[in-house]
Amino acid sequence: MASTPALFIINMAAAAALLIWAVRLVRTGFERAFGGQLRLWLRRSTSNRFAAALSGASTAVLMQSSTAVAVLMAGFVSTGAMGSVAGLSIMLGADLGSSLVALMLNSRIAIVTPLLLLAGVMIFLRSSARRMRQIGRILIGLSLIFLSLDLIRDASLPLTDLAGAETLVLYLAKDVTVAFLLAAMFAWLVHSSVAAVLLFATLATQGLLPLEAALAMVLGANLGGSVVAFVLTLKANSAVRRVVWCNLFLRGGGAAAALALLVKFDAATGLQGADAGQLALYLHVLFNLALLLISLPFVGPLMRIATTLVRDPAQNPSPGEWRSALDMSVLHQPVRAFGCAQRELVEMGHRCEIMLRDALRLFETYDETTAKGYRAEFQNVSRISLDIRTYLSRVRSKDDVTGNRAFDLSTIAVNLEAGADVVARKMVELARSKDIEDLQFSADGWRELTDFHDVVLRNAQHAISVLMSEDVGLARELVEQKERVRDLEQRLQRAHLQRLRKGLTETFETSAIHLDLLRSLKMLNTSFAMVAYPLLEERGELLESRLATS
């Protein structure tokens, strides 16, 4: 059957779309199955810049994406759990990791694809455990990546017969700057440098991209990949933007410099005859490896320069300045009124999440001004909670279902207020006691507390997502996490008691504060987890005391 330009474009677009989707499938599978462990490991592996770079590369290989690593890094840097130098080291390592992913995914034997697909589907359909189902998702995603590459190869075969194709190919070979910019734009549009590089390498292997264009486009994908993280963090705080902008300067600027060197020395001419796609992948890896080795010793000076260029804002807007979403004119329209209340609850949850995110800093350096700020913010949260409950009590309806919905939203407001109270009163008082008595947690104890805090913080963010989306699957995961947090708190208490038996002075002196802080964080987690209960009860997803198994 003769190929036409329209048929070729459709086939190539479909194959490229499958590749992009498959890469995303693998990434989300790893995030859902191992996100917590990867997050903790990434935060712990920052003792020096070399360890940080290694952890960034390893995490990028597992998550199939340097952008996903950038998002994790941004969360740690924004809360102060990780320094900017470690953050930039992680980003440089993640860039290398994503290049290794492309090289590995391009190398496989034919039998792998059906075996991965068969195993993935069987695991996903047969298993009821969430993690095993996500492992099945990962295997399915990997098989679809290999399948999409095969489809790209098959779809691209008729290209040489299409009118104008040879002219376009020769143009890209002669004007590598255009090829570089087109590749950067494509990588940014699909939000995946891995998918972009795999596509370019496959076309080059098929002889549809000359070596000059393939090398330029792989370098362009590096620029596009760094732009993705840049765009995603435009509204982040100054510390995060310094890291991401430095990475954009190094990776994007380095890619442009590498392209200039290739053109100046006409490197492609001496490599003619070899597999263009494989050479492009090797260049991708070598570029990111060289970038890492050259830049890593200078991340400290680079971040100091970035600090002078990207300054902290003189004054952050007061979190108390919030225009209420509670519209009194729609009280006679329950659906719209409940939507207003829900938007107000999201704001309330966001305030509580910010309080929780920064609370642990008081245990490192206690500051009375900051403590007063927490108490003032609790008053704001309490005011919003009262306004929500008063507003819901005025919603006009004779429907029992409407009354139940109002009660559920009021209960969420009460629980979030209780969570804010735990931070503003209990945790602040514990930090104050630790400061007055001049106590220090043991190294193991502090690591356990920070890890537990990170777990609770992720669940708080999860709860806000449930509140906004009302997704039943997310709600089930949140309640499942509540059970895991309970078990984790008990394990941490036992670990603390074991250190007490060893007679460690620091453990003995901070024992009461340590255990109270664990309980406070558990209470906070419960306050956020209760967001999911009304949704699950409405869908019949809860038994009297635990999640339904079906």
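The values are calculated or read from the model by the stated rules, or taken from the named source; none is laboratory data. Nothing here was measured: the structure is a model prediction, and the numbers come from that model. Cβ placement follows ideal geometry from the backbone for every residue including glycine, while neighbour counts extend to all protein chains displayed. In case anyone asks, the SASA skips ligands and DNA or RNA and just uses the protein heavy atoms, side chains included. Shrake-Rupley method; radii C 1.70, N 1.55, O 1.52, S 1.80 Å.
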- Task: For the stretch 525-550, name all the residues that are at pLDDT 80 or above and open to solvent by 40 Å² or more (accessible area, probe 1.4 Å).
- Result: Thr526, Met530, Tyr533, Glu537
- Which residue out of Asp421, Asp387, Asp408 is touching a Pro at 6+ places or on another chain (Cβ under 6 Å), more than 15 Å from Phe363 (Cβ to Cβ), open to solvent by 20 Å² or more (accessible area, probe 1.4 Å) and not aromatic (Phe, Trp, Tyr)? Asp408
- Message: Can you find a residue that is crowded, with 19+ Cβ neighbours inside 10 Å and farther than 21 Å from Pro297 by Cα anywhere in the stretch 84-92?
- Response: no
- Looking at the stretch 57-75, which of the residues that are small (Gly, Ala, Ser) and within 13 Å of the chain's Cα centre (by Cα) is surrounded by the fewest Cβ atoms within 10 Å (Cβ to Cβ)? Gly75
- If we scan the stretch 426-438, do we find a residue that is open to solvent by less than 50 Å² (accessible area, probe 1.4 Å) and modelled with pLDDT under 90? no
- Task: Select from the stretch 218-261 the residues that are open to solvent by 10 Å² or more (accessible area, probe 1.4 Å), closer than 19 Å to Ile305 by Cα and assigned to a helix (DSSP H, G or I) and list them in ascending order.
- Result: Phe230, Ala239, Arg241, Arg242, Trp245, Cys246, Leu248, Phe249, Leu250, Gly253, Gly254
- Task: May I ask you to list the residues in the stretch 480-524 that are surrounded by 15 or more Cβ atoms within 10 Å (Cβ to Cβ) and without any contact (Cβ under 8 Å) to a residue 24 or more places away in the chain?
- Result: Ser511, Leu515
- Item | Test: Leu215 is modelled with pLDDT of 85 or more and open to solvent by less than 20 Å² (accessible area, probe 1.4 Å) | yes
- Message: Would you confirm, using the coordinates I've provided, whether Ser78 is part of a helix (DSSP H, G or I), more than 23 Å from Ala255 (Cα to Cα) and either more than 11 Å from the chain's Cα centre (by Cα) or basic (Lys, Arg) (or both)?
- Response: yes
- Message: Going by what's in this entry, would Ser98 be described as in contact with a helix residue (DSSP H, G or I) (Cβ under 6 Å, 6 or more places away or on another chain) and open to solvent by less than 10 Å² (accessible area, probe 1.4 Å)?
- Response: yes
